[in-house]
1. Quickly run through the stretch 119-130 and pick out the residues that are surrounded by 11 or more Cβ atoms within 10 Å (Cβ to Cβ) and either modelled with pLDDT of 95 or more or closer than 22 Å to Ala164 by Cα (or both).
2. If you go through the stretch 97-111 one residue at a time, do you hit one that is among the polar types (S, T, N, Q), part of a helix (DSSP H, G or I) and within 29 Å of Arg191 (Cβ to Cβ)?
3. It is to be established whether one or more residues within the stretch 88-104 are in contact with a Phe, Trp or Tyr (Cβ under 7 Å, 6 or more places away or on another chain) and closer than 30 Å to Lys179 by Cβ.
4. Out of everything in the stretch 62-96 that is outside any loop (DSSP other than H, G, I, E, B), among the β-branched types (Val, Ile, Thr) and touching a residue at least 60 places away in the same chain (Cβ under 8 Å), what residue ends up being surrounded by the fewest Cβ atoms within 10 Å (Cβ to Cβ)?
5. Select, from Arg191, Arg162, the only residue that is in contact (Cβ under 8 Å) with a residue 24 or more places away in the chain, charged (D, E, K, R) and crowded, with 16+ Cβ neighbours inside 10 Å.
6. Quick check on my filter: what residues within the stretch 99-138 are closer than 21 Å to Glu46 by Cβ and among the hydrophobic types (A, V, I, L, M, F, W, C)?
7. Considering each residue of the stretch 4-52, count those that are farther than 21 Å from Leu160 by Cβ and among the β-branched types (Val, Ile, Thr), and give that number.
8. Out of the residues in the stretch 165-188 meeting the condition of being assigned to a loop (DSSP other than H, G, I, E, B) and among the hydroxyl-bearing types (Ser, Thr, Tyr), tell me which one is surrounded by the fewest Cβ atoms within 10 Å (Cβ to Cβ).
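The values are calculated or read from the model by the stated rules, or taken from the named source; none is laboratory data. What you are looking at is a predicted structure, and each value in this text was computed from that prediction instead of being measured. Quick reminder, even Gly has a Cβ in these numbers, built from the backbone with ideal geometry, and neighbours come from all protein chains shown.
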Amino acid sequence: MYFLIYKPYLMLSQFSREGDKPTLADLDYDFPKDIYPVGRLDADSEGLLLLTNDKQLNHRLLNPKFRHNRTYYVQVDGALTPEACRQLSEGVTISVDGKPYDTLPATAIAIPEPTLPERNPPIRYRANIPTSWLSISLHEGKNRQVRRMTAAVGFPTLRLVRWAIEDLTAQDMTSGEIKALNRTDMIHGLRLR
């Protein structure tokens, strides 16, 4: 079984409880017991998350040797510069487990504000400080990597939305929405052969 969900902001990417934080179990759907998320989105990130009971697919998507593209829409603090996009595209040095790590080249471009579901609570508004939007596509997934990358070039992340995994997107999805897919659509959308 295969599901796409638009994980809401502040929801944990798991079914098990941790204090009073919302989890995938709070979504309005009766998932089978053997369904698990493929990868994670931090509680303060939102957007596309895959759930499946297909162990082969899970392995293929989590093993770094099988690279797959993930695209994020990122709202950053400040007026994003072409130089920052160039640095992000070429790769930057971030800290992973307390050690310097050079990120792989990515695709980073400034974009107009995308149409996304409302976030609750919304991003703070400060009239004197601009924000910008960035689309960044990468095929590695270190812990909090996108946030660390934007901070490394001087533009801290305010809102982070995973928009796509290969050709599967959150287009027209609302926060908390669940879409069931068949195997053919999932494999085709992920460009797996």
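1. Step one: list which residues in the stretch 119-130 are surrounded by 11 or more Cβ atoms within 10 Å (Cβ to Cβ), which gives 119, 123, 130.
Of everything in the stretch 119-130, those that are surrounded by 11 or more Cβ atoms within 10 Å (Cβ to Cβ) and either modelled with pLDDT of 95 or more or closer than 22 Å to Ala164 by Cα (or both) turn out to be Arg119, Ile123.
2. No - not one qualifying residue is present in the stretch 97-111.
3. No: the stretch 88-104 contains no residue that is in contact with a Phe, Trp or Tyr (Cβ under 7 Å, 6 or more places away or on another chain) and closer than 30 Å to Lys179 by Cβ.
4. At the first step, the residues of the stretch 62-96 found to be outside any loop (DSSP other than H, G, I, E, B) are 62, 70-77, 82-90, 93-96.
Add one more test, that the residue is among the β-branched types (Val, Ile, Thr), and what stays is 71, 74, 76, 93-94, 96.
Of the ones still in play, those that are also touching a residue at least 60 places away in the same chain (Cβ under 8 Å) are 71, 74, 76.
Numbers: Thr71: 20, Val74: 25, Val76: 24.
That would be Thr71.
5. On the way: Arg191 fails: crowded, with 16+ Cβ neighbours inside 10 Å.
It is Arg162.
6. Ala106, Ala108, Ile109, Ala110, Ile111, Leu116, Ile123, Trp133, Leu134, Ile136, Leu138
7. In the first step, residues of the stretch 4-52 are kept if they are farther than 21 Å from Leu160 by Cβ; the result is 15-17, 19-20, 25, 28-36, 52.
Imposing the further condition that a residue be among the β-branched types (Val, Ile, Thr) reduces the set to 35, 52.
Within the stretch 4-52, residues that are farther than 21 Å from Leu160 by Cβ and among the β-branched types (Val, Ile, Thr) number 2.
8. First, the residues of the stretch 165-188 that are assigned to a loop (DSSP other than H, G, I, E, B): 166-167, 170-177, 182.
Filter again for among the hydroxyl-bearing types (Ser, Thr, Tyr), leaving 174-175.
Numbers: Thr174: 11, Ser175: 18.
Ranking the candidates gives Thr174 first.
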